[in-house]
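Only one structure is covered here, and it is reproduced in the block below.
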Amino acid sequence: MARSMTGYGKAEVKTEYGEINTEIRSLNNRYLDIGLKLPKSLSNYELAVKELIKKKIMRGKLTVTINFKDKSLTAGEVNLNSELIEFYHNLLKQLKEKTRVGGEITIDHLLQFKELFELSEEESEDRQVEEVLLKCVDEALDRLNAMREKEAVNISKDINKRLKMISSFTAKIRKLGKKTARAELQKMKERIRELVNGNELDENRLEQELALIADRVDITEESTRIASHVNLFQDVLNNRPEVGKKLTFILQEMHREANTIGSKTSDVEISHLVISMKEEIEKLREQVQNLE
């Protein structure tokens, strides 16, 4: 089933030793781009999380935010950065001397610098933590994909409406094309007779030349190929999980056939239908950009 590339998924897993929260946001992107924010205590599992994501998401720009409230981590310990404390203390002294500001340097002045305090987080290597983490990410991915599939249903409705319009245009063009080809053939015959002006004319040679010309203005094959592309488009949309790239290629082929019809015909009505068809193909291209 097709999926949109935009969506949101969230999951939360609580255990006896802590709580893991995962949020995933997805936007359109040509390839799979994973932006992963992990707490330091879970940094060992970055590769495992990304591998899990790659199994469930083909394309899109993902922002994955994971938070871990570790009960053991009143975890940590808060450490003082002694070197930084001394640096800022000396800096404040210099500032006081240069500005000639009175008063003493107090602890309140140093408390303004938050980087003086370091929270030590131990990197977790607990197998249980990894299992719970991946379970939480997996649930968030399932919810993300559920939303993406729901959004794809709405996109598919619009796509199917436009495919029907293209099929309608194609049927009209094919019908008009047969009449136009016969009319063009008759006009060419009459024009040649006028040019010959009563002189002897090789009818067999004339028929051969006219057949070649008629073939160049015949749009039956192009109309048939567009109809085939529409059927293939619907099949891919309804039956494949990753559709974006394939559908983009099919639309390129449909556009090429429409251009060929436009260059072959001199009929105004057909030309107008071709313009309308190309407009719908362009709108389909925009919608396909939203699909994985």
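Just the residues that are at pLDDT 70 or above and small (Gly, Ala, Ser), please, taken from the stretch 73-90.
Within the stretch 73-90, just Ser82 meets the criteria.
What is the residue count in the stretch 102-111 for residues that are surrounded by 10 or more Cβ atoms within 10 Å (Cβ to Cβ) and at pLDDT 70 or above?
Summing the residues that are surrounded by 10 or more Cβ atoms within 10 Å (Cβ to Cβ) and at pLDDT 70 or above in the stretch 102-111 gives 3.
How about the stretch 257-276: which of its residues are in contact (Cβ under 8 Å) with a residue 24 or more places away in the chain, small (Gly, Ala, Ser) and assigned to a helix (DSSP H, G or I)?
Ala258, Ser276
Please enumerate the residues belonging to the stretch 123-153 that are of a type outside the set (A, V, I, L, M), modelled with pLDDT under 90 and in a helix (DSSP H, G or I).
Across the stretch 123-153, the qualifying residues are Arg127, Gln128, Glu130, Glu131.
Please state which one of Lys114, Lys93 is loosely packed, with under 13 Cβ neighbours inside 10 Å, modelled with pLDDT of 75 or more and either more than 30 Å from Glu286 (Cα to Cα) or in the same structural domain as Lys283 (by TED's automatic domain parsing) (or both).
Lys93
The values are calculated or read from the model by the stated rules, or taken from the named source; none is laboratory data. In this text, all values refer to a predicted model and were calculated from it rather than measured experimentally. All Cβ positions, glycine included, derive from the backbone under ideal geometry; neighbour counts span all protein chains shown.
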